[in-house]
Amino acid sequence: MSEVGSPEPAEATRRRRFDVRVGSSTNGLEPISVAERSLAAGPLQWLGLVAVALAAVIADQVTKHVVSSQLALGDEVHVVGPFSLHHVQNSGIAFGLFPRSTVTIALLTAVAVVWMVWFFARSGARHPVLPTALGLLIGGSLSNLADRIRLGHVTDFLDLSWWPSFNLADTFICVGVAILLLTLVAADREPRRARPRP
């Protein structure tokens, strides 16, 4: 029988210490190192993705409609420097690559969009930039895909003279990829925090 006021053994004291983190898990007493945060996209991430993708589709379709209705096929209007508006049709992928492969490109684009949505559903909360980056990618891809299915080609009109003509959807896709790459590079360069001593 232990005496009153005698210190508890060190082992008993160590067992009673808990690393409590409110909201870190379903069990408030579970150590934070054990709890795992879900990376699946939540309502806010989905809202951001849909908003960016929808804005990209609308902007691309509106500009294509304006160019198609105001410029005859092949017409060109100089804007400034090497930049001009040049109405052309492209049955290939971005920047005129791989022409006359509409069906194959449409199938590959559809597969890519499905994969991006699946990836976002599982990892949309991993980084705050994902809704924007993937929204641009998905929106640009869907807009060009819709044109290929409906028309058999996409309308290109942005011409820099030293680069094949392209459209806003191509721009959104490139910007989305660039954001993802820059985010990955920045994440790799961030100094790792020192782990606390147990």
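The values are calculated or read from the model by the stated rules, or taken from the named source; none is laboratory data. Just so you know, these numbers come straight off a predicted model, no measurement behind them. A quick note on method: Cβ atoms are made from the backbone with ideal geometry, for glycine too, and the neighbour counts reach across all protein chains shown. The accessibility values were calculated without ligands, DNA or RNA, using every heavy atom of the protein model including side chains. Shrake-Rupley method; radii C 1.70, N 1.55, O 1.52, S 1.80 Å.
Checking ALA169, ALA133, ALA125 one by one, the residue that is within 28 Å of LEU44 (Cβ to Cβ), open to solvent by less than 40 Å² (accessible area, probe 1.4 Å), outside any helix (DSSP H, G or I) and in contact (Cβ under 8 Å) with a residue 40 or more places away in the chain is ALA125 and no other. What do you reckon, is THR109 at pLDDT 95 or above, of a type in the set (Ser, Thr, Tyr) and under 23 Å from ILE179 (Cβ atoms)? So THR109 fails the test.
Yes or no, residue by residue, for (1) exposed (fewer than 14 other Cβ atoms within 10 Å of the Cβ); (2) modelled with pLDDT of 65 or more:
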| residue | (1), (2) |
| --- | --- |
| PRO9 | yes, no |
| ARG14 | yes, no |
| ARG17 | yes, no |
| ARG37 | yes, yes |
| VAL67 | no, yes |
| GLY74 | yes, yes |
| THR104 | yes, yes |
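Would you mind telling me which numbered condition in (1) open to solvent by 20 Å² or more (accessible area, probe 1.4 Å); (2) modelled with pLDDT of 95 or more HIS153 fails? Failing condition for HIS153: (2).
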